[in-house]
Structure formats: structure tokens, C-alpha cells
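Colleague: This structure is in C-alpha cells; I'll ask about it shortly.
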Ligand code: ADP
Ligand code: MG
């Protein structure tokens, strides 16, 4: 890395160029006077790096090591063919591939927010004590919210911390295909090999179990596998797009077994979590984006984390290709297919009320109601304050929209929030966040 930093310094590279091209490089192997450098990106990246950074690297190596080395760039698939001793990190990646696990899906890279805190802690608990507390662990939630990420995290964690345990992660598809294959072969050995495989493990993770449940034959075999593992106190972890009680074709005896253990749902991420996920991913990829642009993505892509990442990847690809910093205009243009073209938002008291309600997880009816309990009255006052600050509605109009409150109530509410904002940093921050949600620009 000293070599890389030397190249950066001497050639006055921007952080973006450095992070994109040089930082990911890894020495794969050194043989005689040849250094094989692993390039993790595509062919295009390799060609480009070869053209642009071959010489600078060679010079820097000679300078620092005091000896001339030939430098060869290789892609991961070429490196595999070279059959040379792999550096340790490479080996773990390969191991992970063999067990169908994505090396990036770990607890470390999983951002915890209100939507997934329970699921994350349940997953970690199970990973720490497999088979001991919650069995099965049943994770459910919509598409792209992190179920697979959490399941891989559990598997990685167990592999690292309980090295003696046999962990098997399969998609429902794999499970089903293998089962159908065994049935089709029609002989007992095929079937018993299937059973042997699934019943001899310590931790079984089956992803998207809703697909197994739809089919009678697979449901039956699954049930037996489940029972045997469960009786033997082996850990079972399942994921599904919905909770057991909403799985119509699920047999009652299986449903009740799912509910023996722990059910944990993952919901849609709130604004703060979306921002945190974007920041973490950008940081990991060495990609610098202004808060304004991150905010633009977080505000417009709400329900699906995969899409959130897709937006970031799109911008990153653009930077790699065009070698320029991303401006708001470029971001808007590049993302217009992902982000439905939003008309510029007109800030109205109605909109403010909706955003405030969403933020605090209360209903519009509650804001409009007479309730004076703190968890309703506070948001209501914040809505008043924001209406005053962000629109030119009169105090009378604000009172009317917010459930027909009189002039003095509105004045009092606004004054109270203004005081809180200057006295209490947490309140100031909350108000700032809501403001951004209302008007991202
Ligand atoms: P699901 O299996 O629920 O459809 P995934 O686990 O495949 O969703 O998640 C979709 C993408 O979003 C993955 O790339 C995953 O890494 C990412 N992701 C989901 N939740 C988080 C999180 N809390 N922190 C970081 N990345 C996340
Ligand atoms: Mg998944």
C-alpha cells in the first residue's frame, strides 16, 4: 500500500481515481522477479489499469523495494488458472464461494436500523448459539430488504466461530431441484443420498422457503428434514417473503412448527437507515458522493435496498467510465430510469403533516385529533412549526389544516418548538431531518 500511495502522490491522483483503480489492487503472488497483481474489476478495468498504471507502479516498486520487478495484472479467473499459492484472503473467498455464500454479506456490512434491529439481533443470537435458543429462526419481509444478507451473515459467523459445525445454506430452488432430481432418479440410493446430505448437518439455512411450500411433494420432504434436524437440536434458519400465518398452502402441522421458534420481520428502511446504507456502501467502495446526492437517492428510493444499491452502482459505473465528479445534474440524469421523475415538490401544510406523521409513526387522524398525549402533541407542534417556516400559510390556515386549532394554540406550538430547537440538539436534528424529507433540495 505504500507503493500505491507513492503512485498516488507522484502522479497527483484524485481520491476517486485512486480509490477506483489502485486501492482495490492486491498482490496475488510474487515469483522470481514477477509480481502478479490481482485486478478485481472487469476486463475493461484491467486494460485501462495496464495502460495507465503499469509504468507508474513499476517505477514505484523499484523505488521502494530497490529492485526491478515485472508487473503483470490478472483477473480473478485467470489467477485461478495460474494455480499458484493463493494469499490467505483469496482462499477464504473461494471457500465462501463453495458454500454458496456471498463474502460481502456479513454482520459487519449490515446496517442496523429500526426496520431490522430485531431481526439482526435474533440472527446474531442464533449465530452465537446455534441450536440452543431460537429454533427455528424464521426471518420474513419483502423483496430486497436484507433477508439473504442476514442469512449469509449467520452462516459466515458460524463458520468462523464454530469451525467444527457443518453449515449448509441453500436457496429453495436448490433444495427443490435436488429433491426432484432424487425423486426422478427413482432409486433408493438417490433419495437416501439426498436425505443424508440434508440431515447430516448442524446448521441448515433455507432461503425463500415460500417456494417450497407451494409444492406438495417438496413440502412433505421438507417437513421430514425439518423434524429430524429439529429433534436433533440442529439449528434451522428459514426466510420467507411473508409470515407463516399468511402462507395459504402451508399445512397446519408445518405452520405450527415454524412458530415454535422465533419469528422476526424486516420492514422497509426509514430515511435515516437508507442514508446510512448508502454511506456505508459508498465508503466501502471508496466512492465519494456529496450528501446532497446521497439524500436525493435516499429520498426517492424508499422500499427496496437492492434498488438503493443499484442507483449507487449506476453512478459509480458512470464515474469509472467518464472520470468526472458526479454533480446533481448528472445524478438526476443517470438515475431517471430508476427514480420515477418526481415533479418538484410543492410544500404545503398537508404534505408537511403527512411527512411528520410518517416520521413519528402516527396517523394523520391522530394529528388531527384532540389527543394531548406527548407522542401526538409533540409531532403536531412540530408540524405547526414547519408549516410556519416552510410555507407562507397564515397562522389561521395552519390551525385549520391541523384539525381546526385556534390562533393562540398555533402560536404557542410554534414558540414551544422554536425554544426546543435552540435548547435541545436532538430536537434540532429531528426537525432538520424532517425538513429534508419534506423538501430534499
Ligand atoms: P432479500 O433477500 O430480503 O430480498 P437481500 O438480502 O438480497 O434482500 O438484500 C438486497 C441488497 O440490499 C443486498 O445487496 C444487501 O447486501 C443489501 N442490504 C439489505 N439490507 C441491508 C442492510 N441493513 N445493510 C446493508 N446492506 C443491506
Ligand atoms: Mg433473498
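Colleague: Counting only residues that are more than 16 Å from ligand 1 (Cβ to nearest atom) and either on the phi > 0 side of the Ramachandran plot or surrounded by 18 or more Cβ atoms within 10 Å (Cβ to Cβ) (or both), which one in the stretch 239-256 is nearest to the chain's Cα centre (by Cα)?
Modeller: 244
Colleague: Still on this structure, please answer the following. What number of residues in the stretch 223-264 are under 19 Å from residue 145 (Cα atoms) and touching a residue at least 40 places away in the same chain (Cβ under 8 Å)?
Modeller: Of the residues in the stretch 223-264, 11 are under 19 Å from residue 145 (Cα atoms) and touching a residue at least 40 places away in the same chain (Cβ under 8 Å).
Colleague: Moving to a separate point now. Take the residues in the stretch 259-292 that are more than 10 Å from ligand 1 (Cβ to nearest atom), part of a loop (DSSP other than H, G, I, E, B) and more than 17 Å from residue 313 (Cβ to Cβ), then tell me which one is farthest from the chain's Cα centre (by Cα).
Modeller: Selected residue: 260.
Colleague: Okay, next question. Determine if the stretch 47-68 includes at least one residue that is at pLDDT 75 or above, over 30 Å from residue 31 (Cβ atoms), more than 16 Å from ligand 2 (Cβ to nearest atom) and assigned to a helix (DSSP H, G or I).
Modeller: The answer is no; no qualifying residue exists.
Colleague: Quick one: residue 250 ticks every box in (1) over 21 Å from residue 121 (Cα atoms); (2) assigned to a helix (DSSP H, G or I) bar one, so which box is it?
Modeller: Evaluating residue 250 over (1) over 21 Å from residue 121 (Cα atoms); (2) assigned to a helix (DSSP H, G or I) leaves (2) as the failure.
Colleague: Just name the residue that is surrounded by the fewest Cβ atoms within 10 Å (Cβ to Cβ) out of those in the stretch 110-150 that are out of contact with any helix residue (DSSP H, G or I) (no Cβ under 7 Å at 6 or more places or on another chain) and under 20 Å from residue 284 (Cβ atoms).
Modeller: 148
Colleague: To continue, here is another question. Given the criteria in a helix (DSSP H, G or I) and over 35 Å from the mean Cα position of the chain (by Cα), does residue 329 qualify?
Modeller: no
Colleague: Let me ask something else about it. From the list 178, 220, pick out the single residue that is in contact with a strand residue (DSSP E or B) (Cβ under 9 Å, 6 or more places away or on another chain) and surrounded by fewer than 21 Cβ atoms within 10 Å (Cβ to Cβ).
Modeller: 178
Colleague: Here's something else I'd like to know. Which one is nearest to ligand 2 (Cβ to nearest atom) among residues in the stretch 130-187 that are assigned to a strand (DSSP E or B) and farther than 19 Å from residue 269 by Cα?
Modeller: Only one residue fits best here, namely 171.
Colleague: What are the residue pairs meeting all of these: first residue in the stretch 110-122, first residue closer than 16 Å to residue 135 by Cα and without any contact (Cβ under 8 Å) to a residue 40 or more places away in the chain, second residue within 16 Å of ligand 2 (Cβ to nearest atom) and outside any loop (DSSP other than H, G, I, E, B), Cβ atoms under 7 Å, and 6 or more apart or on different chains?
Modeller: Pairs that qualify, where the first residue is closer than 16 Å to residue 135 by Cα and without any contact (Cβ under 8 Å) to a residue 40 or more places away in the chain and the partner is within 16 Å of ligand 2 (Cβ to nearest atom) and outside any loop (DSSP other than H, G, I, E, B), are 120/150.
The values are calculated or read from the model by the stated rules, or taken from the named source; none is laboratory data. The model shown is predicted, which means the values in this text are computed figures rather than measured ones. Cβ: placed from backbone, ideal geometry, glycine included. Neighbour counts: every protein chain shown.
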